[in-house]
Amino acid sequence: MQWGVRGLLLAVACTALGACQTMRDTGDAVSSAASSVGSAVSSGWDTLWGTGGGTAIADVKPTQDSKVAGKVIFRQSGDLVHVKVDLTGMEPSSQHGFHVHERGDCSAPDAMSAGGHFNPEGVAHGYYTHPPHHAGDLPNLKADNKGEVHTSFDVSYLTVGSGGSDVAGRSVVVHRDPDDYKSQPAGNSGLRLACGVIIEQ
């Protein structure tokens, strides 16, 4: 009888331990499944938005006798670079040429220290959607009725952080007049109202 009781207790203990192990195994399986789902979701976002894209930012400051200032952000996403522009201090409803320039130097009062348009391929200036054109050729900016610009667009001919068309270490320049996209060498866009060195983050 004594061994019968001991055997019964031993059986109960083994059953409990087995259940605990089963719960532990189930918990591990759930954790593993959650991890797999998380990885799949992450992979989906990476496919949608691109992976490990570089970012570069220009703090745009006014040239002499100008009030134009703000920020321009370049964000690499796959083969595209997303450009986000936020500027103030323009004349209401005005249009302005907007380019990447070859040198990351805005020290001159008129920003001429930034050099000419960024043009690593040595081609003529032109319309930004119809190559060949300068790598620095970008859409004109149009201010709203408060003299502000808040816009964004994508380009396929620039990069951030690598390659011959890398914007990092260059500058962005806002001009007084709109770019006509045909006059050489810079679209007849006039004086430089603002300049910002593009710095990789």
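No lab work stands behind these numbers, since they all come straight from the coordinates. Every value quoted in this text rests on a predicted model; they were computed, and no experiment measured them. Here the Cβ is made from the backbone with ideal geometry for all residues, glycine too, and neighbour counts use every protein chain on show.
One chain, two ends: SER93 and ASP110. Fully extended at 0.36 nm per residue, the span grows by 3.8 nm beyond their Cα-Cα distance. The Cα atoms of the stretch 55-200 give a gyration tensor whose axes a ≥ b ≥ c have a/c under 1.5, which makes the shape rounded.
Sort LEU80, LEU158 so that the residue with the fewest other Cβ atoms within 10 Å of its own Cβ comes first and the one with the most comes last.
On the way: LEU80 17, LEU158 22.
Ascending Cβ contact count within 10 Å gives the list LEU80, LEU158.
Taking the alpha carbon gyration tensor of the stretch 146-201, what are the square roots of 5 times its eigenvalues, largest first, to the nearest whole Å? Intermediate results must be reported in sequence, preceding the final value.
On the way: eigenvalues 99, 49, 30 Å².
Over the Cα atoms of the stretch 146-201, the semi-axes work out to 22, 16, 12 Å.
With respect to the cross-link table entries LYS146/LYS182; LYS61/LYS142; LYS61/LYS182; LYS71/LYS182; LYS67/LYS182, which display a Cα-Cα separation exceeding 23 Å? Flagged as over cut-off: LYS146/LYS182; LYS61/LYS182; LYS71/LYS182; LYS67/LYS182.
Which of the GluC sites (Glu not before Pro) found in the stretch 118-201 are in a DSSP loop and have at most 16 neighbouring Cβ atoms, other than their own, within 10 Å?
Details: sites: GLU121, GLU148, GLU200; in loops: GLU121, GLU148.
The qualifying sites are GLU121, GLU148.
A simple spin-label model places the labels of SER156 and ASP180 2.9 nm from each other, with each point 7 Å out along Cα-to-Cβ.
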